[in-house]
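A.B. asks: Take a look at the following structure, please.
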Amino acid sequence: MSILVSNLTKNYGTQTAVNNISFKVDKGEIVGFLGPNGAGKSTSMKMITGYLAADAGNIEVCGMAVNENNIHTKEKIGYLPEANPLYFDMYVREYLAFIAGIHKVVDAKSRVETVIKTVGLTPEAHKKIGQLSKGYKQRVGLAAAMVHDPEVLILDEPTSGLDPNQIVEIRSVIKELAQTKTILFSSHIMQEVEALCDRVIIINKGNIVANDRLSNLQQNNTDLQQVTVEFKEAVQIEKLKAITGVSSAAQLSIVNYQLSTKDAESVKKQLLQISIENNWDIVSLQTQVQSMEDVFRDLTKQ
């Protein structure tokens, strides 16, 4: 695995920012690290990169302990922090060459041109960083995180400030990078998480409240599930309400009905049985999946 976090804790005085969290990220995974503001996301990312020291716990990156091999683990990591640190008086190529020099990149000039093309900076590469829009500044930060070809990318709000077209382009870049790299990124844009992630980790008040694949979270993290059924013609809604486990039933249209339940699979089986008994023709039958926004709100509400 590329990232292994065990019992990680960070305190600021009497406030616990990160509370004994553990998780792992395997090579080739794109994992979303989510949570409301102040949940501990950025603090956790800074500890993984070695920027902050942990008060307790262990972190391994590419099999090396961060606290014992700080320099070597940083060689393996590309980090785009939430507050993108750039030198506004430097030209784009000049800045990226400077970062490549810090990492002792072989054939730095060629590598700089490669990352400029990869993140879509070519039209603006001749300018000073201070002359760029916020979206292009963000691309410079992403290019700097990638210039030394790291095995692990830690991206804190990588699409912040980008317009919709740019967001799609950066998503494409991240997906392509994940073929050979491990990516842990944070975002408040749930559509982005759904488009990119294999798995999500949700942190709230310093504690991990979810760590699972998106499909599992959307199906399991709810008290009530919605079963929608379409018949060939109208049916008796009272018989639907009488199904064991149905808490309520609503007629959405002449032939469409929605049933609320805590056990969707049982209700669907009973629907099939009652349809046979009453000679009802079912056109479609499905469980409505929660949106990622719903899951996030459920897990991080007070």
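For every residue, the table says whether it meets (1) hydrophobic (A, V, I, L, M, F, W, C); (2) in the same structural domain as residue 193 (by TED's automatic domain parsing); (3) surrounded by 18 or more Cβ atoms within 10 Å (Cβ to Cβ); (4) out of contact with any Cys (no Cβ under 8 Å at 6 or more places or on another chain).
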{"site": "23", "(1), (2), (3), (4)": "yes, yes, yes, yes"}
{"site": "29", "(1), (2), (3), (4)": "no, yes, yes, yes"}
{"site": "33", "(1), (2), (3), (4)": "yes, yes, yes, yes"}
{"site": "55", "(1), (2), (3), (4)": "no, yes, no, yes"}
{"site": "58", "(1), (2), (3), (4)": "no, yes, no, yes"}
{"site": "63", "(1), (2), (3), (4)": "no, yes, no, yes"}
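A.B. asks: Within the stretch 65-171, which helices (runs of 4 or more DSSP H) (wholly inside it) include 2 or more residues that are β-branched (Val, Ile, Thr)? Show your work before the answer.
C.D. replies: Numbers: elements: 70-76, 92-102, 108-118, 134-146.
Here the list reads 70-76, 92-102, 108-118.
A.B. asks: Against the definition (basic (Lys, Arg), under 30 Å from residue 33 (Cα atoms), surrounded by 12 or more Cβ atoms within 10 Å (Cβ to Cβ) and not assigned by TED's automatic domain parsing to the domain that holds residue 21), how does residue 262 come out, yes or no? Explain how you work it out, then say what you get.
C.D. replies: Working: basic (Lys, Arg): yes; under 30 Å from residue 33 (Cα atoms): yes; surrounded by 12 or more Cβ atoms within 10 Å (Cβ to Cβ): yes; not assigned by TED's automatic domain parsing to the domain that holds residue 21: yes.
Criteria met by residue 262.
A.B. asks: If you take the residues in the stretch 198-231 that are loosely packed, with under 15 Cβ neighbours inside 10 Å and farther than 18 Å from residue 269 by Cα, which one is modelled with the lowest pLDDT?
C.D. replies: Filtering the stretch 198-231 for residues that are loosely packed, with under 15 Cβ neighbours inside 10 Å and farther than 18 Å from residue 269 by Cα, the one modelled with the lowest pLDDT comes out as 223.
A.B. asks: Can you tell me which of 40, 28, 35 is touching a helix residue (DSSP H, G or I) at 6+ places or on another chain (Cβ under 8 Å) and in contact (Cβ under 8 Å) with a residue 24 or more places away in the chain? Before you say what the answer is, go through the steps one by one.
C.D. replies: Details: 40 fails: touching a helix residue (DSSP H, G or I) at 6+ places or on another chain (Cβ under 8 Å); 28 fails: touching a helix residue (DSSP H, G or I) at 6+ places or on another chain (Cβ under 8 Å).
Being touching a helix residue (DSSP H, G or I) at 6+ places or on another chain (Cβ under 8 Å) and in contact (Cβ under 8 Å) with a residue 24 or more places away in the chain holds for just one of 40, 28, 35, which is 35.
A.B. asks: Filter the stretch 91-119 for residues that are more than 17 Å from residue 130 (Cα to Cα) and hydroxyl-bearing (Ser, Thr, Tyr); which is modelled with the lowest pLDDT?
C.D. replies: That would be 118.
A.B. asks: Name the single residue, out of those in the stretch 1-15 being surrounded by 12 or more Cβ atoms within 10 Å (Cβ to Cβ) and of a type in the set (S, T, N, Q), that is farthest from residue 25 (Cα to Cα). Lay out the reasoning, then the answer.
C.D. replies: Here is the first cut: in the stretch 1-15, the residues surrounded by 12 or more Cβ atoms within 10 Å (Cβ to Cβ) are 1-11.
The next check asks that each one be of a type in the set (S, T, N, Q); those that pass are 2, 6-7, 9, 11.
Numbers: 2: 6, 6: 12, 7: 15, 9: 18, 11: 24 Å.
Selected residue: 11.
The values are calculated or read from the model by the stated rules, or taken from the named source; none is laboratory data. Everything numeric in this text was worked out from a predicted model, so none of it was measured. Reconstructed Cβ throughout: ideal geometry from the backbone, glycine too, with neighbour counts over all protein chains shown.
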